[in-house]
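Notes for the one structure printed next.
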Amino acid sequence: MKTRLLLGFLLMLALNGFAQDRPAILKVLETQRQAWNRGDLEGYMQGYWKSDSLLFVGKSGPKYGWQTTLDNYKSGYPDKAAMGQLVFKILKVQLLDKTNAFVLGGWQLQRDRDAPGGYFTLLLRKINGEWKVVADHSS
């Protein structure tokens, strides 16, 4: 009986921790969205793991590194008009364990001349107590 109570208590603690992680993950994405909409690519990149091992997969294939990702964003979105206003539609946030999460969502840019959009999958990892995108596949 004591073992069941202890296991139940530990499960409740774990679920409570996960319940706090989902809003923290969504906050990372919202902070990125707000930075993008201000035209602040460096601010947007704060949601990414600042590492040469960061993986970004887009239409030109896999690329590695935080700086490479920032440089690619700067090249593809040279000014605020090109960046437009970013809207996310989060379809799924799945906590894989206490330090890894999967996010599925849609993105759309609202610009004067067009409104491109697509989907993304993200792998986030809790690093030094903060959730960071460690892999991004956007199309």
By residue number, the members of segment 33-43 that are in a helix (DSSP H, G or I) and free of Cβ contacts under 8 Å to residues at least 24 places away in the same chain are GLN34, ALA35, GLY43
Unmet criterion (only one of (1) under 18 Å from LYS132 (Cβ atoms); (2) at pLDDT 95 or above; (3) not aliphatic (A, V, I, L, M)) for GLN20: (2)
Considering only segment 77-105, state which residues are surrounded by fewer than 13 Cβ atoms within 10 Å (Cβ to Cβ) and of a type in the set (Gly, Ala, Ser). ALA81, ALA82
Given (1) over 16 Å from the mean Cα position of the chain (by Cα); (2) touching a residue at least 12 places away in the same chain (Cβ under 8 Å), where does LEU54 come up short, assuming only one miss? (1)
Yes/no for GLN110 being in contact (Cβ under 8 Å) with a residue 40 or more places away in the chain and polar (S, T, N, Q): no
Please find, within segment 106-139, the residue that is surrounded by the most Cβ atoms within 10 Å (Cβ to Cβ) out of those that are of a type in the set (D, E, K, R) and under 18 Å from LYS63 (Cβ atoms). ASP136
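The values are calculated or read from the model by the stated rules, or taken from the named source; none is laboratory data. Computed from a predicted structure; not experimentally measured. Ideal geometry is used to build each Cβ from the backbone, glycine not excepted, and the neighbour counts take in all protein chains shown.
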